[in-house]
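Please read the structure below before turning to the comments.
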Amino acid sequence: MKKLERSYIRQILDAINERTISFAGGLPNENLFPVKDLKVATNKVLENPLCLQYSKSQGVEGLREKIADIYTNKFDFPTNKDEILITTGSQQAFDIIAKTFLDKELYVQKPTYIGALSAYKVLDMDIKSFDDLDDLENKLNSTNGFYAMSDFTNPTGRVIDQKRREDVAKILNKKECYFIEDGAYSLIDFNGVIRKPISALYEKSFHMGSFSKIVAPGFRVGWIRAKKEYIDQMMVSKEAVDLHTSTFNQMILDEYMNEFDLFEHIKLVRKEYKSKMEYMAECFEKYIPSFEFKRPQGGMFIYGSFKEDSFELAKKH
């Protein structure tokens with residue numbers, strides 16, 4: 001019998017209770033969830049019984065249109081609703097893309113998001129890591145894939161700058177591998193900067209996003225942005241998993257964005273997370289001076305190093 005191991009992220013989260021302040025996972029601050037606005041949207045949605053009905057596998061049309069508008073107007077990446085597939089969180093997006101397009105070999109930058117690694121390992125992917133983007137040209141080819149976060153990588157907080165994005169796109173266009181770009185933190189730059197994705201420079205790509213960090217993770221609503229031909233192919237894998245993402249949750253988010261300004265809420269999220277980052281950084285400098293790190297410019301992580309093995313420390317405590 002095949003032996004599967006649980007995601008370390010889920011084990012971390014299982015250890016959390018109401019008395020815990022956890023620094024281990026990327027857990028959004030529930031005090032920032034727009035609860036009052038979501039109540040208004042939910043009550044409006046419940047007036048329509050279709051909110052509890054089956055819906056299109058690709059996703060609610062109005063929500064797809066709004067996500068497409070974000071790509072066109074915020075990311076400078078022209079997109080229409082037919083190039084958006086709604087998924088049940090980013091974890092499902094990893095699974096759908098891999099099942100539909102990838103063979104066995106996938107390259108990831110080290111370190112990278114452990115949730116992505118878990119999704120690919122279950123599918124028996126041969127995951128290979130590299131330390132520097134300069135190593136890519138000698139590793140990629142038309143039979144493998146490449147997964148990366150361009151903005152505020154989990155867990156390092158690194159950002160790939162514009163020149164390096166163009167360099168990576170040139171390599172991708174030359175090697176013609178599939179590129180999976182995770183944009184979970186792309187809208188949480190503390191200074192409000194929104195960078196053009198590498199995917200906008202390379203057609204054989206998938207750009208992933210989620211409402212988890214910018215609204216609330218409990219909705220489990222994410223998406224994949226790709227050319228329509230790829231979306232049509234992924235629909236087969238999507239329908240084999242869950243037919244469609246929760247109609248109710250999609251319609252609440254769609255109505256929320258009809259009634260309220262999502263980016264005004266994101267401004268608040270950026271401001272609060274920047275304040276928390278600054279305070280935590282000051283505490284590290286004052287109370288744990290042996291912890292070496294750089295202050296991030298966005299995202300949800302401060303990444304650094306101890307002389308001790310931090311993974312061994314985590315297992316002990």
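Taking Cα centre as origin and charging only the Cβ of basic (Lys, Arg, +1) and acidic (Asp, Glu, -1) residues, the dipole magnitude of the stretch 216-291 rounds to 300 debye. Ordering 246-252, 145-151 by mean Cβ neighbour count within 10 Å, with the highest value first, yields 145-151, 246-252. Annotation: Cα Rg of the chain relative to the compact-globule expectation 2.2 N^0.38 Å equals 1.00. Given Lys174/Lys204; Lys66/Lys163; Lys163/Lys274; Lys139/Lys175, which pairs have Cα atoms separated by over 19 Å? Where the Cα-Cα span goes over 19 Å, the pairs concerned are Lys66/Lys163; Lys163/Lys274.
When the chain is fully extended, how far beyond the present Cα-Cα distance does Asn73 get from Glu61, taking 0.36 nm per residue of separation?
In short, 2.5 nm is gained.
The residue list Pro78, Ala98, Gly62 was ranked by how far each Cα lies along the charge dipole of the stretch 25-135 toward its positive end, using unit charges on Cβ atoms, and Gly62 comes out on top. Couplings 3J(HN,Hα) for the stretch 177-189, derived from phi with the Karplus relation 6.51 cos²θ - 1.76 cosθ + 1.60 (θ = phi - 60°), are 8, 7, 10, 10, 10, 9, x, 4, 10, 4, 9, 10, 7 Hz, where x marks Gly and Pro.
If the chain linking Asn48 and Glu278 were pulled fully straight, counting 0.36 nm for each residue of separation and taking away their Cα-Cα distance, it would gain 78.4 nm. Restricting the GluC sites (Glu not before Pro) of the stretch 264-308 to loop positions (DSSP other than H, G, I, E, B) with no more than 16 neighbouring Cβ atoms within 10 Å leaves Glu308. To check you understand DSSP bridge types, tell me what percent of the beta bridges within the chain (both residues inside) are antiparallel, rounded to 5. DSSP beta bridges in the chain are roughly 40 percent antiparallel.
Relative contact order of the chain, please, whole-number percent, based on alpha carbon pairs below 8 angstrom and at least 6 residues apart. Intermediate results must be reported in sequence, preceding the final value.
Values: 482 pairs, mean separation 73.5, N = 317.
Once normalised by length, the contact order is 23 percent.
Share of carbon and sulfur in the accessible area of the stretch 93-218 stands at 42%, probe radius 1.4 Å. The fraction of accessible area contributed by carbon and sulfur in the stretch 232-283 is 53 percent, rounded to a whole number (1.4 Å probe; ligands and nucleic acids excluded). Considering only Ala68, Ala184, Ala281, the Gaussian network model of the chain with Cα springs below 10 Å gives its largest mean-square fluctuation to Ala281. In loop segments of the stretch 126-199 as defined by DSSP, the GluC sites (Glu not before Pro) with at most 14 further C-beta atoms inside 10 Å of their C-beta are Glu176. Extension gain, Asn141 to Lys196: 0.36 nm times the residue separation minus the Cα-Cα distance gives 17.4 nm.
With every protein chain present, what is the per residue accessible area of the stretch 14-145 (1.4 Å probe, Å²)?
Each residue of the stretch 14-145 exposes 53 Å² on average to a 1.4 Å probe.
Taking all protein chains into account, the per residue accessible area for the stretch 149-264 stands at 37 Å² (1.4 Å probe).
The values are calculated or read from the model by the stated rules, or taken from the named source; none is laboratory data. Nothing here was measured: the structure is a model prediction, and the numbers come from that model. Here Cβ is always computed from backbone atoms with ideal geometry, including for glycine, and neighbour counts include all displayed protein chains. The accessibility values were calculated without ligands, DNA or RNA, using every heavy atom of the protein model including side chains. Shrake-Rupley method; radii C 1.70, N 1.55, O 1.52, S 1.80 Å.
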